[in-house]
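Note sheet for the following structure.
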Amino acid sequence: MVDLVTMGATLRRWRENILAFVTEELHVEPDTWQRDALEAFASPDPSKRRISLQACVGPGKSSVLAWCALHFLGTQGEPGEHPKGAAVAVTGDNLRDNLWAELSKWMSRSIYLSTAFTWTASRIFANDHPETWFLSARSWPKTGNADEQGKTLSGLHSKYVLALIDESGVIPLTVLRAAEQALSNCTFGKIVQAGNPISTDGMLYAAAAQLRHLWYVLVVTGDPDDPKRAPRVDIEWAKQQIETYGRDNAWVASYILGKFPAQSFNSLLSVEEVQAAMGRHVREDAYTWSQKRLGVDVARFGDDRTVIFPRQGLAAFKPVVMRAARTTNIAARVAKGIAKWGAELTTVDDTGTWGAGVIDNLLAAGESVLGIVFSDQALNPRYRNRRAEMWFEMAEWVKRGGGLPNIPEMVAELTQPTYTFANGKFLIEEKDQIKKRLGRSPDLADALALTFAFPDQPASLSGGFDRQSVGHVKHEFDPYAEAQR
């Protein structure tokens, strides 16, 4: 048996350097994307406690999950506090034939692991502490409902804990909620999921959309045109599939490009479209000609946020978010943005008169501001009301090159709302319905939508809303000191 005391220095080095562990002990050279995933797994950064591998088919994701699990078992822990982990997959058979088989394969390459640990069909455990130092294979009954499946990862309690979920594309969110319990009080805790983006209902999609702000998402693609593509995916095969079926084909999107297929026909934007907008660099000459605008969504209830969103043409900038703010304070913050940035058009949500106090205070201060009632008649007869009109215009803006600030919460807010077509007009679902699905109000998206209350126009034509001459406005100046696009 390996003398763990004499191996202490090596184990400490491996704990800090997962790539050294994989290359030296497992005798494999990871691909570039696999290195990124491994480094994220070993990182103490709280933003990487939850890792989602949104992958095409065949890039080696099960190997990465196995490497992470073996690194966890072999290097984590302290006297009296042993690592505990559990692994699940979409079915018990899938777990047995893929991830669990990978674990056996890579364990056999390591003298240390194969000596200090034992692999069985349902459990890997430390020979010295079989009851408290382990990774267990778990599954749910084939007829189990979402609640029964959700209990599968319950009961993991340790300062060192790991939950692995393979083929998570169609695994329900209830499984993820159970895994979250293990992160409540730990020194090293990780949830790692991997799967093909084949559904917008499973936990893989939740990590990419509703819960994006909590997850480190790594998109693994086999796209022949992507320089960061996974090299294990045969490039000629990928080209043939794309040529045969097209890039817009759902199968190609999921299994080759690593992207979720086009969302349901009645969704305004896809996750990929919003993510692309967040990573988009907009040239100054593409937006500095345009009118500067502020959209203000005033909080309706205690948990809602007041959001002040700046936009100039194709460039949207980081918003200011206020909680539990008084009407006078909100108005003062808006006025500050108008004065310092030279905002030429300010629109405030006055639906249900929630923004009336802010509007009145701004008007009393001599500011030009317009209240917008989302349920009012649209300017364009294609839309049922102003809400539908503004949201559709915002979606088209994203698609034609608009740049968004990198705010993960906005992915869900912009992709969750759906529309219907009734009596010849487009209609967006109500805010309360979206809030029920999101678990919060889409205040960020509504504030940005308010900047589309009227068609964009050049600053020189802004008329009564021109606060100062264009020559005195620095195009890079932010409405607020901390705001950056």
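The values are calculated or read from the model by the stated rules, or taken from the named source; none is laboratory data. What you see is a predicted model, and the numbers here were worked out from it, not measured in a lab. All Cβ positions, even for glycine, are placed from backbone atoms using ideal geometry, and neighbour counts span all protein chains on display. Please note that ligands, DNA and RNA were not included when accessible areas were found on the heavy atoms of the full protein model with its side chains. Shrake-Rupley method; radii C 1.70, N 1.55, O 1.52, S 1.80 Å.
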Gap separating the Cα centres of region 22-101 and region 354-393, nearest whole Å: 50
Where only C-alpha atoms are counted, convex hull volume of region 34-175 per residue in Å³: 119
For the chain, size of Cβ-based charge dipole, Lys and Arg +1, Asp and Glu -1, in debye: 540
Given Lys318/Lys340; Lys61/Lys159; Lys259/Lys399; Lys61/Lys228; Lys190/Lys259; Lys336/Lys435, the pairs whose alpha carbons are separated by over 19 Å: Lys61/Lys159; Lys190/Lys259; Lys336/Lys435
Computed label-point distance, nm, for sites Lys336 and Glu39 using a 7 Å Cα→Cβ extension: 3.7
Normalised alpha carbon radius of gyration of region 125-242 [divisor 2.2 N^0.38 Å]: 1.27
Kirkwood Rh and Cα Rg combined as Rg over Rh, evaluated for region 1-74: 0.99
Region 386-432: C-alpha pair distances exceeding 18 Å, %: 33
Burial ranking of peptide ranges 314-322, 44-52 (average Cβ count within 10 Å, highest at the top): 314-322, 44-52
Around Leu448: net Lys/Arg minus Asp/Glu count, Cβ-Cβ under 11 Å: -3
Where labels lie 7 Å past Cα in the beta-carbon direction, separation of Thr10 and Ala365 in nm: 6.7
Region 227-381: Rg to Rh, with Rh as the Kirkwood radius over Cα pairs: 1.14
Helical mean residue ellipticity (222 nm; -39500 (n - 2.57) per DSSP H run of 4+; nearest 500) of the chain: -10000 deg cm²/dmol
Spin-label model distance (nm) - Thr115 vs His281, 7 Å beyond Cα toward Cβ: 5.2
Sequence-separation-based contact order of the chain, relative, with Cα cut under 8 Å and 6+ spacing, percent: 14
Percent carbon-and-sulfur accessible area, the chain, ignoring ligands, DNA and RNA, probe 1.4 Å: 50
When the chain is reduced to its Cα atoms, the Kirkwood hydrodynamic radius in Å: 24.8
Relative contact order (%) - criterion: Cα under 8 Å, at least six apart; region: region 242-388: 15
Set of aspartates and glutamates near Lys84 by C-alpha distance (under 17 Å), chain-local residues within fewer than 8 positions excluded: Asp128, Glu131, Glu180
Exposure of Ser43 as accessible area (Å², to 10), given a probe of 1.4 Å and all protein chains: 20
Probe 1.4 Å, accessible area per residue of the chain, Å²: 43
